[in-house]
Amino acid sequence: MAKNYLKSPDLLPIPHHKKNIGSLGFALIWVGMAVVLAAFAIGGSGVQSLPLGWVIAATIIGSIALGLIMTLTGDIGVEHGLSFPVYMRAPFGTVGTHIPSVVRGFVASCWFGVNTFFGASAMNAILATLFGFDNWIVCFFIFALLQVVNTALGMKAIERFADLAAPVIIIISGWMYFTLSDQALQEGRNVWSWVENPATGGAAFTAFMVVIMSNMGFWGTLAADMPSLSRFVKAPKLEKNWFKRNKGQIAGNLIAYPIVQTFMVVIGAVSYIAVTNYDPVVALQQSASGIILGILLVMIVLAQWSTNTSANLIPAATIFSNVGGPKFPFWAGVAVAGFIGIVVQPWSLFGVIIGILLIVGGILSAICGILVADYYLIRKRRVNVKDLFESDGQYKYMKGVNAAGFIAWIIGGAAAVAVPSYSFIVGFAVGCFVYYILAKYWWFQIYAQAELIDPDDQKYLGISVGNDWTIDFEDEAVPNVAIAPAQTEQL
């Protein structure tokens, strides 16, 4: 392995003064991200066996629980400016990080394809309604290209698009809800009382848990690599209070996300009640026409664009850039993610979405548990960041692999798959527990960790003690540099 293989320019820690997304900006990004086909599918599936009120309650519970986990893992990015694949070198090794990271990157790429097809369908419906043009495959490739270019331009371009798209999405989604509710009433169905096949007793409880796990399962993929986004979120320097330091994340993960996710689940449910199809593109084509239909469908297009850039292309591109090394820039990772999203033929994945959510979410939930155990329970948020970029540093372990991480992932993922109705909770808990035991009492007894031997906050914490991390390309690494108030622009 080349000496500087781990020092890709796009993966270096984001310095304090370059964190440029505020609380409102992150919340607006979430407004766009949460409008996805999966949310509509969860709502449509839920009202087949539960009243809408119970579907909403399950969604709120799942969203808040996952929002907390996202904020926990996201502190890695806020505190140290590190991305998901870089920090994964700690619990999985400098080489081992590639396997779980690529799994997440592939899943993100597939979701990019699914959401692009969904958005392209809406785009095609707009063009067909207003101009008589009807060719979804042309819309698909044009829409995919626009998203790839937007993401390749960087995080600031994505935030600006979210600032534009979010208000439009909020207004039109409200309009969409009332349009579909009226359609349901015309069919003689009250959206708050109609249930296709009501479940009772234990079956109702299982259906309730499936809605919770489905909500957590889809966004659980993002919970694992939230640091790739949160490293751009502004945070007050020299702030040791976890809640105050993560106030930007909290605005998005624990406020904006649960609200928007719940509303999108409701739209999917109402869509299913109106026309027995959770896809609002199909439902709207049956309940609206002309300019009104075109305006409603614009929301679908903007939402898929916003979702894909932030939740799918950025994480996938960051991961592929980590695998490719310094000569494989971020924009190339974006192109690879876009290519994968196309070749998997996403139009053939629609029928198995809920099953995929439960299985993949469960498998990746174990990684969330491993990250929480490694970062909070073992290292106490202290990280020897310098060595994350050294091929012969403390994270090299056994030929670049941390066996404790892989064993915990396999056991946690298997446990999640074995109990699909509770997949995310089981995967997270088992992964966290197994990793903690193996790493603390076995692996780290063999491979010493500097931050455990000498738990010095000034050496191993980030912005909460005023440290910025600088990695030099000439020397193996440069120690952290304390930030004086005059050296960093006020956030």
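The values are calculated or read from the model by the stated rules, or taken from the named source; none is laboratory data. Worth saying up front: this structure is predicted, and the values here are computed from it rather than measured. Quick reminder, even Gly has a Cβ in these numbers, built from the backbone with ideal geometry, and neighbours come from all protein chains shown. SASA here: full protein model, heavy atoms, side chains in, ligands and nucleic acids out. Shrake-Rupley method; radii C 1.70, N 1.55, O 1.52, S 1.80 Å.
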Quiz item: For the subset of region 381-424 comprising residues that are out of contact with any Asp or Glu (no Cβ under 8 Å at 6 or more places or on another chain) and on the phi > 0 side of the Ramachandran plot, which member is surrounded by the fewest Cβ atoms within 10 Å (Cβ to Cβ)?
Solution: 399
Self-check item: Which listed residue, of 169, 158, 137, is in a helix (DSSP H, G or I), surrounded by fewer than 21 Cβ atoms within 10 Å (Cβ to Cβ), of a type in the set (A, V, I, L, M) and out of contact with any Pro (no Cβ under 6 Å at 6 or more places or on another chain)
Solution: 137
Quiz item: Which is touching a residue at least 12 places away in the same chain (Cβ under 8 Å), open to solvent by 50 Å² or more (accessible area, probe 1.4 Å), assigned to a loop (DSSP other than H, G, I, E, B) and not acidic (Asp, Glu), of 448, 429?
Solution: 448
Quiz prompt | The lone exception for residue 161 - which of (1) within 30 Å of residue 411 (Cα to Cα); (2) among the aromatic types (Phe, Trp, Tyr); (3) out of contact with any Ser or Thr (no Cβ under 6 Å at 6 or more places or on another chain) it fails | solution = (1)
Quiz item: When you scan region 94-113, how many residues do you find that are surrounded by fewer than 24 Cβ atoms within 10 Å (Cβ to Cβ) and assigned to a helix (DSSP H, G or I)?
Solution: 7
Practice problem: Hey, can you tell me all the residues within region 238-250 that are open to solvent by less than 80 Å² (accessible area, probe 1.4 Å), in contact (Cβ under 8 Å) with a residue 60 or more places away in the chain, out of contact with any strand residue (DSSP E or B) (no Cβ under 9 Å at 6 or more places or on another chain) and not aromatic (Phe, Trp, Tyr)? | Solution: 239, 245, 250
Practice problem: Could you identify the single residue in 36, 31, 47, 55 that is touching a Ser or Thr at 6+ places or on another chain (Cβ under 6 Å) and among the aliphatic types (A, V, I, L, M)? | Solution: 36
Quiz item: Restricting attention to region 54-93, and to residues there that are under 16 Å from the mean Cα position of the chain (by Cα) and among the small types (Gly, Ala, Ser), which single residue is most open to solvent (accessible area, probe 1.4 Å)?
Solution: 65
Quiz item: Among the residues of region 172-190, which ones are of a type in the set (Gly, Ala, Ser), outside any loop (DSSP other than H, G, I, E, B) and over 29 Å from residue 234 (Cβ atoms)?
Solution: 174, 181, 184
